[in-house]
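First up is the structure itself, then whatever we jot down about it.
Bear in mind these aren't lab numbers, they're just calculated from the coordinates by the rules spelled out. On a predicted model such as this, the values are computed, not experimentally measured, just so you know. Positions of Cβ are backbone-derived with ideal geometry, glycine not excepted, and every protein chain shown enters the neighbour counts.
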There are 2 protein chains.
Amino acid sequence: MPAQGLVQDELERVEVLLRARDPDQHEVITAEVERLLAGGGKRLRPMLVLHSAHLCAADIEKAIYAAAAVELLHTATLVHDDLIDHSPVRRGVHTMNAHRSPGTTVIAGDYLFARAAFLASRTDSVRLMRRFAETLMTICSGEVRQMFDGHSAGVTREDYVRRIYAKTASLISMSSQAGAALADVRPEEAGALEKYGDNLGLAFQVVDDVLDFVADEEILGKPVGGDLRQGLVTLPLLLFLEEEQEHPAVLRAVDTGMPAAVNEAVSAVASSSAIERSLEVAREYAEQARAALDVFPGSRHRDGLLELVDFAVQRSF
Amino acid sequence: MPAQGLVQDELERVEVLLRARDPDQHEVITAEVERLLAGGGKRLRPMLVLHSAHLCAADIEKAIYAAAAVELLHTATLVHDDLIDHSPVRRGVHTMNAHRSPGTTVIAGDYLFARAAFLASRTDSVRLMRRFAETLMTICSGEVRQMFDGHSAGVTREDYVRRIYAKTASLISMSSQAGAALADVRPEEAGALEKYGDNLGLAFQVVDDVLDFVADEEILGKPVGGDLRQGLVTLPLLLFLEEEQEHPAVLRAVDTGMPAAVNEAVSAVASSSAIERSLEVAREYAEQARAALDVFPGSRHRDGLLELVDFAVQRSF
């Protein structure tokens, strides 16, 4: 897509930074980083950083470091998430916890956090580094909330939005605001990038949660129904329960996570109107994200950010 | 001790920062932070940061943030260490992994890393923040090395020093160098603080490793023999094996970690000359640390740093 082509050279430099080997780095870490990065990933966050930096006329050398830092931070959170959720596969590749010990997975994730913070420090921007730390605090707070409060049919729409903001939108928004952190921009421009990022992030996660019910498993790279198997209540399920509060299989799936109940519940939700209504919610967030960019004059990089909104809501993986 | 009294007011402000509650912080995190800090701890690293900052005429407001940041980073690494080692008790208090799920312990540790990085950002010093990230990389690399390469009777003295540098001396040294990171000092002063911190850190960990054989368990706050139970080879054992290469119980303890063999090996090492020879190594490092400070003129804060060396080698816990 053009949003990618426009920053292709810079993305390739981000890949080099992601794979750069610290002199003191243990071979096990190197092998695991290689495996993690080989799994691919959309590099959405680096693209957001780079377009945002161009839009704000920020120093692109620094933005390349920021882009690598956010992608590595994202990767580190996935390593620990997969460990906690006992997920065997991500992006079609075995997770680290599936073929290494829990201890190795904890420490390798910590190492990636540290290396991400180091890359962030290469921007020489205290502002960006502080946002980086705050975002990780938000993500972890959200995880703890999910762990203790996310697993019941009593979850409200407000709880859900708060949770997906922490889990996904916070880092996508930080990435979108990187240009404003690295350059001096007008407050309304900084505010616009924040509004863009927050809404894009929410749209992105709602679509993720829809895909967890309806995706082609081959394309998704992992089995569907994962959230429900974890007992996690997401928007499609919330909207389904608003219409059918007493659906026995769905309630049993939320309560027990039993495979038979989960499979039945996934089918029930996937074939209901809750899917289309969830996508409508995602499209509303997407529209808010697009509208936020109106404060910027037309440019290729503004178009890049607009295109990433389309990608977030139209993707099938 | 005077080293503490001299910075007592500042240490109290560090405690307030350590306990400050983020607005978005989940009650489980708050409760766990409270428990972790209530366990006490020597606050060696904050004291090092503060004396170093005074010695370098650095901004003390910033040093207080740096001191809280290093202590919280240290705490976060202990949380993950105890999880990995399945340690039930530290400083006489149940560890987080002993009364929370592994998942909660992983995320709570991550949260503490993030909050530590946030506190570091309050120094407004990119230099200090970068050192902070690099130090965490070193610590994690050391942990991975320990996990994969630290458990055999074939460990050399060089392997051991490299490992304890990563595990302990790197953060103690970073703390000792905080003043130089926060102020403009002459290169020989920066170098002196690095030499001081490296040697103090090595002395401190050697004494820790001795105490793991000979401490009063009541005062230590955990059972002795923990390293050997984990199959970890430390200096007292290395020096013991230099004299008695074929001691059956010790070799069996290293190979199997079986309780009976560990108990017998701990007794054998504890009553051998390897203890005194290990302490002699610690005293040599301590002497190097003291000598490094000769480049600074006499002052109360230089005396504070000298006193912390005495503490490191004379302590019983």
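Quick notes on this structure:
- FRET E, pair residue A:256, residue B:91, Förster distance 30 Å, beta-carbon r, rounded to 0.05: 0.15
- Selection from B:214, B:72, B:29, by position along the positive dipole direction of chain B (Cβ): B:29
- Cα-centre dipole for chain B with unit charges at Cβ (Lys and Arg positive, Asp and Glu negative), debye to 20: 660
- Other protein chain Cβ atoms within 10 Å, averaged over every residue that makes up A:96-107: 4
- Average beta carbon contacts from partner chains per residue of B:22-29, 10 Å cutoff: 5
- Rg then Dmax, both in Å and based on the Cα atoms of region A:122-207: 14.3, 46.
- When peptides B:67-74, B:308-315 are ranked by their average number of other Cβ atoms within 10 Å per residue, the highest-first order is B:67-74, B:308-315.
- Mean shadow area of chain B, taken as a quarter of the surface of its Cα convex hull (nm²): 15.4
- Projected area averaged over orientations for region A:21-109, convex hull of C-alpha atoms, nm²: 6.3
- Screening chain A for DSSP H helices whose Cα atoms reach 20 Å or more along their own axis and whose mean Kyte hydropathy is at least 0.5 gives A:60-85, A:102-121.
- Mean partner shielding of peptide B:124-135, defined as the number of other chain Cβ atoms within 10 Å of each residue Cβ, is 5.
- This model, with +1 at the C-beta of Lys and Arg and -1 at the C-beta of Asp and Glu, gives the protein assembly as shown a dipole about its Cα centre of some 700 debye.
- Over 24 Å between alpha carbons, listed pairs B:167/B:195; A:167/A:195; A:42/A:167; A:62/B:167; A:62/A:167; B:42/B:167: A:62/B:167; A:62/A:167
- Cα-based equivalent ellipsoid of region B:58-196: semi-axis lengths in Å, sorted from largest, via gyration tensor: 28, 21, 11
- A point 7 Å from Cα along Cα→Cβ stands in for residue B:310, and the other copies hold the same point at 7.4 nm, listed in rising order.
- When the alpha carbon gyration tensor of region A:161-237 is reduced to an equivalent ellipsoid, the three semi-axes, largest first, read 31, 12, 9 Å.
- Computed [θ] at 222 nm, deg cm²/dmol, chain B (DSSP H ≥ 4; -39,500 (n - 2.57); rounded to nearest 500): -23000 deg cm²/dmol
- Residue order, fewest to most beta carbons within 10 Å, for A:176, B:121: B:121, A:176
- Distance in nm between pseudo-label sites at residue B:280 and residue B:242 (7 Å out along the Cβ direction from Cα): 0.9
- In range of the label at residue B:186: residues from region B:285-303 whose backbone nitrogen is under 20 Å from the point 7 Å along Cα→Cβ: B:289-303
- For residue B:238, net neighbour charge (Lys/Arg +1, Asp/Glu -1) across residues whose Cβ lies under 12 Å away: -4
- Residues whose placed amide H lies under 5 Å from that of residue A:90, excluding near-sequence neighbours: A:95
- In Hz, Karplus ³J(HN,Hα) per residue of region B:227-232 (6.51, -1.76, 1.60; θ = phi - 60°; x = Gly, Pro): 4, 5, 4, 7, x, 8
- With label points set 7 Å from Cα along Cα→Cβ, the inter-copy distances at residue B:257 are 2.6 nm, sorted shortest first.
- Nitroxide proxy distance, nm - points 7 Å out along Cα→Cβ at residue A:194 and residue A:9: 3.4
- Placing a label point 7 Å from the Cα of residue B:157 along the Cα-to-Cβ direction, the distances to the matching points in the other copies come to 7.1 nm, shortest first.
- Amide H to amide H distances under 5 Å link residue B:231 with no residue, where only residues 5 or more positions off or on other chains count and H is placed in the peptide plane.
- The Stokes-Einstein estimate for the protein assembly as shown, based on a Kirkwood radius over Cα pairs and taken at 10 °C with 1.306 mPa s viscosity, is a diffusion coefficient of 61 µm²/s.
- Considering only B:265, B:97, B:161, and ranking their Cα positions along the charge dipole of region B:2-314 that arises from unit charges at the beta-carbon of Lys, Arg, Asp and Glu, the one farthest toward the positive end is B:97.
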